[in-house]
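Notes follow the structure.
What follows is calculated from the coordinates using simple rules that are stated; it is not laboratory data. In this text, all values refer to a predicted model and were calculated from it rather than measured experimentally. So basically every Cβ, Gly included, is an ideal-geometry build from the backbone, and we count neighbours across all protein chains shown.
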Amino acid sequence: MYQESFAAGEPAGELPIGLTVDDRGRSPKLAAVFSAGVSVALLAMVAAQFRNLDFDAIMRMIPVSPVFWLAFVVYYLVQPISELFIYRRLWNLPLSGFGALLRKLVCNELLLGYLGEVQFYAWARSRINLTAAPFGAIKDVTILSALTGNIATLALLILAWPLVSSGALALELKSTFASLGVVLVTSFAILLLRQKLFSLERRDLWFVANVHGLRIASYLVLAALLWHQVLPAVPIAIWLVLATLRMLVSRLPLIPNKDVVFAGLAVVLLGRETQLGNLMTMMAGLVLAAHLFVGACFALAELIGAARRGLAVRSFR
């Protein structure tokens, strides 16, 4: 079990994944080297992306409302918070693991998709009491995230079908049906091969899928709330519809010119006299700034910690 990885007072429960002596800390040095390498790459990317930030665009529209900032913090942390719930159930992950999950998010966004999962796997392997074959659980959580996203896409497409089929949203039916086919095929393949793909128990798989579903719904509501705080003249119900359609367009894989399509959606729902373009630029810049700040903090902390460990080893010798 994982009792030793808990802070004082944290409960320790049983795990559905068994531990063996051979599973524990086979290559902590390699994991540490990999983590340091990711930190260096993260710092380099932070320096490169910092120049792309349009501070003027951010400051022109950013509201001073505390509701906006509270909603933005929750919006930014929704994914690592949801994953913390998941891994606390699967591994009894201590609250200190939230930092590793937040770093995973930043690595995926700034460096390379799914590099964060690799880094999180290395983090888990390097912890003596968090090495119960973590690859299987991480794999299952990642696959279920994709499957839940596919199901959400299908549900959103059904709800929006009257608008899609009418042509008012400027979505080509051919591309829409092709995207729908890709979503259906990938989802069917996952379900067909579920016994070979998944290693978790059925009840854990349902729990993970439900958490992913709540995360998607939370993103929609929080995005609508944030946009309403910036442009309060537009009713929040309209923003919720627009956020839903935006998620639908972003998740359909074969839709070309997604930005153009989304701009068309905005014209249909909001009219031409809207500051939506400036709003999206501001939100994208704000999220990027948050990624850069968090990434720089984690990278510097990792490198400083590695340097201190190196000095301690040399002084001990």
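Per-structure values
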{"read-out": "Ranked by how many other beta carbons lie within 10 Å on average, peptides 180-187, 59-66, 290-297 from highest", "value": "290-297, 180-187, 59-66"}
{"read-out": "FRET efficiency for L159 and I304, using Cβ-Cβ distance with R0 set to 45 Å, rounded to 0.05", "value": "0.35"}
{"read-out": "Approximate spin-label separation K139-F177, in nm, with each point projected 7 Å along Cα-to-Cβ", "value": "3.7"}
{"read-out": "Neighbour net charge for G116 - beta-carbon separation under 10 angstrom, K R +1, D E -1", "value": "0"}
{"read-out": "K104, K139 arranged by Cβ crowding within 10 Å, fewest neighbours leading", "value": "K139, K104"}
